[in-house]
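Okay, so here's the structure we're looking at.
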Amino acid sequence: MRIASLLPSATEIAHFVGAGDALVGVTHECDYPPGVENLPRLTGTSIDQHSMTSAEIDAAVGERLTDAGSIYSLNAKLLEELEPDLVLTQGLCDVCAVSSNVVEQATAALPKTPRVLSMNPTTLNEVLDVTVEVGDAVGRGGEARARVAVLRERLARVEEAVAGLPRPRVGCVEWLDPPFSAGHWVPEMVRLAGGEELFARAGEPSERLSWGEVFGVAPEVLVLMPCGFDAARAAGEARVLPGIPGWEDLPAVENGRVWAVDANSYFSRPAPRLVEGVEILARILHPGALPDAPAPEDAACLAVPARRRA
């Protein structure tokens, strides 16, 4: 089988179920597991997110979506040359990957029409179900089910470890300028990790917020998870937040519980590493509750120091 992945999470899932060797093409954003960057890259974008601020990226995305309908391009000629049997894509978010319309047009024009599997999970449970679905599609259903069962066991261990502990009020923000709530699977992750998510509901899309709305619900813990950013970059973007009126009065700020996390690896992508994201959140919300859980290096850091009391 020859697999073309048009989504970083799909690339991760293909490897997770044991079909990494079947990948013949990936996206320009695929970076896990190490080595996938050496495969032919089927997509591109005119937005250089690495050199832009959150506000600049938001403006560029809005302009690009208005003018062209998509911020990504698909190399249809390369797709034809790679002759995939299976194309993994999504239809959930035009900001996250090549739009489904572009994929449909490109695959319909191929001499040999591949199977197109669109992955559109909106909850953590659906992410795990989609992982099994991909496993079935690539002939690795048994392996996928066994590995997903292990992930579910890890989630159960987290839930058991935090059961009965006080549930802090948590605000997760998936963009900083302007602020957006972290929807879809993130509220479920917060619940499993022993917190109460304030800005979004499980399975529902992220929504634009104002910082006034953030301050109004007074989160005890604030988790900054800008989509596509690692923890260091999220913390760097957070340096401007103390200048916002009302910032210092947030309980999360007063208590030194403003965290930046590696959203690119553990929160933004609907892939198996979301389970590690739950473990990361549990360590943030309940330090010491999961002493034996794996701790990915540089997965989280304090973004803003506690306010100094007079």
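The values are calculated or read from the model by the stated rules, or taken from the named source; none is laboratory data. Just so we're clear, the structure is a prediction, and the values are computed from it rather than from any experiment. Cβ placement follows ideal geometry from the backbone for every residue including glycine, while neighbour counts extend to all protein chains displayed.
Within region 1-13, residues that are over 13 Å from ASN120 (Cβ atoms) and polar (S, T, N, Q) sit with their Cβ atoms under 7 Å from residues that are at pLDDT 95 or above and part of a loop (DSSP other than H, G, I, E, B), at 6+ positions apart or across chains, in these pairs: SER5/THR27; SER5/CYS30; THR11/CYS30.
Residues in region 52-109 that are of a type in the set (D, E, K, R), farther than 25 Å from VAL130 by Cβ and more than 21 Å from the chain's Cα centre (by Cα) were compared, and the one that is modelled with the lowest pLDDT is ASP67.
Taking VAL214 as the residue in question, decide whether it is over 28 Å from ALA14 (Cβ atoms), modelled with pLDDT under 90 and surrounded by 22 or more Cβ atoms within 10 Å (Cβ to Cβ). Don't jump to the end; show me each part of the working.
Numbers: over 28 Å from ALA14 (Cβ atoms): yes; modelled with pLDDT under 90: no; surrounded by 22 or more Cβ atoms within 10 Å (Cβ to Cβ): yes.
The answer is no for VAL214.
Yes or no, residue by residue, for (1) modelled with pLDDT under 90; (2) surrounded by fewer than 24 Cβ atoms within 10 Å (Cβ to Cβ); (3) among the aliphatic types (A, V, I, L, M); (4) closer than 30 Å to THR131 by Cβ:
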site	(1), (2), (3), (4)
ALA235	no, yes, yes, no
ILE244	no, yes, yes, no
ARG257	no, yes, no, no
VAL261	no, no, yes, yes
ALA271	no, no, yes, yes
LEU285	no, no, yes, yes
PRO294	yes, yes, no, yes
ALA300	yes, yes, yes, yes
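Do we have ALA149 as among the aliphatic types (A, V, I, L, M), over 30 Å from PRO242 (Cβ atoms) and either in contact with an Asp or Glu (Cβ under 6 Å, 6 or more places away or on another chain) or free of Cβ contacts under 8 Å to residues at least 12 places away in the same chain (or both) here? When the stated conditions are applied, ALA149 passes them. Out of all the residues in region 96-105, is one or more in contact with a helix residue (DSSP H, G or I) (Cβ under 7 Å, 6 or more places away or on another chain) and of a type in the set (A, V, I, L, M, F, W, C)? No, region 96-105 contains no residue that is in contact with a helix residue (DSSP H, G or I) (Cβ under 7 Å, 6 or more places away or on another chain) and of a type in the set (A, V, I, L, M, F, W, C).
When ALA182, ALA202 are checked against the criterion of being surrounded by 24 or more Cβ atoms within 10 Å (Cβ to Cβ) and either closer than 19 Å to TYR266 by Cα or of a type outside the set (Gly, Ala, Ser) (or both), a single residue qualifies: ALA182.
Conditions (1) touching a Phe, Trp or Tyr at 6+ places or on another chain (Cβ under 6 Å); (2) surrounded by fewer than 20 Cβ atoms within 10 Å (Cβ to Cβ); (3) under 19 Å from THR45 (Cβ atoms); (4) assigned by TED's automatic domain parsing to the domain that holds LEU42, marked per residue:
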site	(1), (2), (3), (4)
PRO84	no, no, no, yes
THR89	no, no, yes, yes
SER99	no, no, yes, yes
VAL102	no, no, yes, yes
GLN105	no, yes, yes, yes
THR113	no, yes, no, yes
VAL130	no, no, no, no
VAL138	no, no, no, no
